1. Which residues, taken from the range 86-95, are more than 12 Å from Ala30 (Cα to Cα) and free of Cβ contacts under 8 Å to residues at least 40 places away in the same chain?
2. If you scan the range 9-19, which residues turn out to be free of Cβ contacts under 8 Å to residues at least 24 places away in the same chain and part of a loop (DSSP other than H, G, I, E, B)?
3. So, in the range 75-102, how many residues would count as being assigned to a loop (DSSP other than H, G, I, E, B), small (Gly, Ala, Ser) and closer than 30 Å to Thr54 by Cα?
4. Can you confirm whether Leu31 is in contact with a His (Cβ under 7 Å, 6 or more places away or on another chain) and either of a type in the set (A, V, I, L, M) or in a loop (DSSP other than H, G, I, E, B) (or both)?
5. Please go through the range 20-40 and give me each residue that is in contact with a strand residue (DSSP E or B) (Cβ under 8 Å, 6 or more places away or on another chain), open to solvent by 40 Å² or more (accessible area, probe 1.4 Å) and either under 25 Å from Pro97 (Cα atoms) or free of Cβ contacts under 8 Å to residues at least 12 places away in the same chain (or both), ordered by number.
6. I'd like the full set of residues that are closer than 24 Å to Gly105 by Cβ and open to solvent by 80 Å² or more (accessible area, probe 1.4 Å), limited to the range 41-79.
7. Give the residues of the range 2-19 that are open to solvent by 50 Å² or more (accessible area, probe 1.4 Å) and of a type outside the set (A, V, I, L, M, F, W, C), sorted by residue number.
8. Restricting to the range 87-105, and then to whatever is open to solvent by 50 Å² or more (accessible area, probe 1.4 Å) and of a type in the set (A, V, I, L, M, F, W, C), can you tell me which residue is farthest from Val18 (Cα to Cα)?
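The values are calculated or read from the model by the stated rules, or taken from the named source; none is laboratory data. None of the values given here were measured: they were computed from a predicted structure. With ideal geometry, Cβ positions are generated from the backbone for all residues, glycine too; neighbour counts draw on all protein chains shown. Ligands, DNA and RNA are excluded from the accessible area calculation, which covers all protein heavy atoms including side chains. Shrake-Rupley method; radii C 1.70, N 1.55, O 1.52, S 1.80 Å.
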Amino acid sequence: MRRSVARGEFVLHYQPQVDIATGRIRSAEALIRWRHADLGLVQPGDFLGAAEQTGLIHPIGEWVLGEVVRQIQEWRAKGLPRIHVAINVSPQEFRRPDLAAAMAGILGDAGLGPDAL
């Protein structure tokens, strides 16, 4: 899995949250998958536990946030309606004393406020 982080083998899928009354997308949830060369698309329940135990959850979490921010910027550049994107944060990541500052930095560098998430 360590090499997979370096190789960029993870991918995000976005699950829309739709307002039933209007049919408009209100928000989305970013869902990670591992594009494994031999196993195909691996579900998070099959690898996140190991990522937490090995400490790889931190670079994976940073990648997720950076990728979500990049996607939000792309959607906005295309003129799509602004939506919030939810990301799942591991309990291991919440133990990082710099988590809030790291997230604020990534969002700030992209010109996004915390309301984007």
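1. Step one: list which residues in the range 86-95 are more than 12 Å from Ala30 (Cα to Cα), which gives 90-95.
Matches in the range 86-95: Pro91, Glu93, Phe94, Arg95.
2. Across the range 9-19, the qualifying residue is only Asp19.
3. Count: 1.
4. Yes; evaluated as a whole, the condition is true for this residue.
5. The answer is Glu29, and nothing else.
6. Listed by number, the residues that qualify are Glu62, Trp63, Arg70, Ala77.
7. Residues satisfying the conditions are Arg2, Arg3, Arg7, His13, Tyr14, Gln15, Pro16, Gln17.
8. At the first step, the residues of the range 87-105 found to be open to solvent by 50 Å² or more (accessible area, probe 1.4 Å) are 88, 91-92, 94-95, 97-98, 100-101, 104.
Cutting the leftovers down to of a type in the set (A, V, I, L, M, F, W, C) gives us 94, 100-101, 104.
Numbers: Phe94: 29, Ala100: 28, Ala101: 31, Ala104: 27 Å.
Top of the filtered list is Ala101.
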